[in-house]
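A.B. asks: The structure that follows is given in the form of structure tokens.
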Amino acid sequence: MRVRFAVAAAVMSLALSVAAQKEMHMVHVKGSFDIKMTPAEPTDFEKANDITRLTSDKTWHGDFEGVSHGEMITGSTASTGSMAYVAIERMTGKLNGRQGSFTFSHRASMMKGDAPSAGELSVMVVPNSGTGDLTGLTGSLMIHIDAQGKHTWTFDYSLP
């Protein structure tokens, strides 16, 4: 029984050590992007339900240099001013000199009158979406929009 306990404790200790090492490899990067949003032709369903579909094309600058293409769906409630969006965005370029591609999944909501960056926002790397030198990439992105509409970002990520 004591041997089993010692083995279990050693395995648990090793697992915690590996987890701690992974956290220690978290990298914080930043930059800006230019964005072009293009509305898609709305379906009857979208027209009837205050839903808008858009495509996005971005050019990224900073610690990630590259481009992305995505599709966004927004929904709003005219009576309350609440708004939400979901999006999928495929990134291609160099992250701190490492070439590859990966996918972001976006989810956000905000209320009428909120500052552009005030709502809830989650932008996460889709698991196992990295290619090339970015295989195994994990992380989360924050988007910041200033009063003039300039988009900047910070990205906390790790790679194996």
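A.B. asks: Examine the stretch 125-138 for a residue that is within 28 Å of Asp50 (Cα to Cα) and of a type in the set (Asp, Glu), and state whether such a residue exists.
C.D. replies: For the stretch 125-138, residues within 28 Å of Asp50 (Cα to Cα) and of a type in the set (Asp, Glu): absent.
A.B. asks: Further question on the same structure: Considering the stretch 55-73 alone, what residues qualify as being of a type in the set (S, T, N, Q) and open to solvent by 20 Å² or more (accessible area, probe 1.4 Å)? Let's see the steps before the verdict.
C.D. replies: Looking only at the stretch 55-73, we keep the residues that are of a type in the set (S, T, N, Q), and these are 55-56, 59, 68.
If the condition is that a residue be of a type in the set (S, T, N, Q) and open to solvent by 20 Å² or more (accessible area, probe 1.4 Å), then Thr55, Thr59 are the ones that fit.
A.B. asks: Looking only at the stretch 136-145, how many residues end up being in contact with a Pro (Cβ under 8 Å, 6 or more places away or on another chain) and not in a strand (DSSP E or B)?
C.D. replies: Residues in the stretch 136-145 being in contact with a Pro (Cβ under 8 Å, 6 or more places away or on another chain) and not in a strand (DSSP E or B): 1 in total.
A.B. asks: Now a separate question. Any residue at all in the stretch 137-144 that is at pLDDT below 95, out of contact with any Asp or Glu (no Cβ under 7 Å at 6 or more places or on another chain) and open to solvent by less than 50 Å² (accessible area, probe 1.4 Å)?
C.D. replies: yes
A.B. asks: Ok, one more. (1) closer than 21 Å to His61 by Cα; (2) open to solvent by less than 30 Å² (accessible area, probe 1.4 Å); (3) assigned to a strand (DSSP E or B): which one isn't true of Gly130, the others all being true?
C.D. replies: Gly130 satisfies every listed condition except (3).
A.B. asks: Separate question: Across the stretch 104-127, what is the number of residues that are exposed (fewer than 13 other Cβ atoms within 10 Å of the Cβ) and either touching a helix residue (DSSP H, G or I) at 6+ places or on another chain (Cβ under 8 Å) or under 20 Å from His25 (Cβ atoms) (or both)?
C.D. replies: Here the count works out to 1.
A.B. asks: Tell me, please, whether a residue that is of a type in the set (Asp, Glu), without any contact (Cβ under 8 Å) to a residue 60 or more places away in the chain and either within 23 Å of Asp146 (Cβ to Cβ) or part of a strand (DSSP E or B) (or both) can be found in the stretch 34-53. Give the steps one after another, and end with the answer.
C.D. replies: Here is the first cut: in the stretch 34-53, the ones of a type in the set (Asp, Glu) are 34, 41, 44, 46, 50.
Now drop any that are not without any contact (Cβ under 8 Å) to a residue 60 or more places away in the chain, which leaves 41, 44, 46, 50.
Applying the additional criterion that residues be either within 23 Å of Asp146 (Cβ to Cβ) or part of a strand (DSSP E or B) (or both) yields none.
No, that holds for no residue.
A.B. asks: Within the stretch 74-83, can you find the residues that are assigned to a strand (DSSP E or B) and open to solvent by 40 Å² or more (accessible area, probe 1.4 Å)? Quick ask: steps written out before the conclusion?
C.D. replies: Applying the first criterion (assigned to a strand (DSSP E or B)) to the stretch 74-83 yields 74-77, 82-83.
Within the stretch 74-83, Ser76, Thr77, Met83 qualify.
A.B. asks: Is the stretch 90-103 home to any residue that is open to solvent by 40 Å² or more (accessible area, probe 1.4 Å), within 20 Å of Lys30 (Cβ to Cβ), part of a strand (DSSP E or B) and touching a helix residue (DSSP H, G or I) at 6+ places or on another chain (Cβ under 7 Å)?
C.D. replies: Let us first name the residues in the stretch 90-103 that are open to solvent by 40 Å² or more (accessible area, probe 1.4 Å), namely 90, 92, 94, 96-99.
Narrowing the set further to residues that are within 20 Å of Lys30 (Cβ to Cβ) leaves 92, 94, 96-99.
Filter once more, keeping what is part of a strand (DSSP E or B): 92, 94, 98-99.
Those still in the list that are touching a helix residue (DSSP H, G or I) at 6+ places or on another chain (Cβ under 7 Å) too: 98-99.
Yes, because at least one residue in the stretch 90-103 is open to solvent by 40 Å² or more (accessible area, probe 1.4 Å), within 20 Å of Lys30 (Cβ to Cβ), part of a strand (DSSP E or B) and touching a helix residue (DSSP H, G or I) at 6+ places or on another chain (Cβ under 7 Å).
A.B. asks: Hey, can you tell me all the residues within the stretch 135-160 that are within 14 Å of His25 (Cβ to Cβ) and among the aliphatic types (A, V, I, L, M)?
C.D. replies: Leu137, Leu159
The values are calculated or read from the model by the stated rules, or taken from the named source; none is laboratory data. Quantities reported herein were computed from a predicted structural model and do not represent experimental measurements. Backbone-built Cβ (ideal geometry, glycine too); neighbour counts: all protein chains shown. We work out accessible area using only protein heavy atoms, side chains counted, and drop any ligands, DNA or RNA first. Shrake-Rupley method; radii C 1.70, N 1.55, O 1.52, S 1.80 Å.
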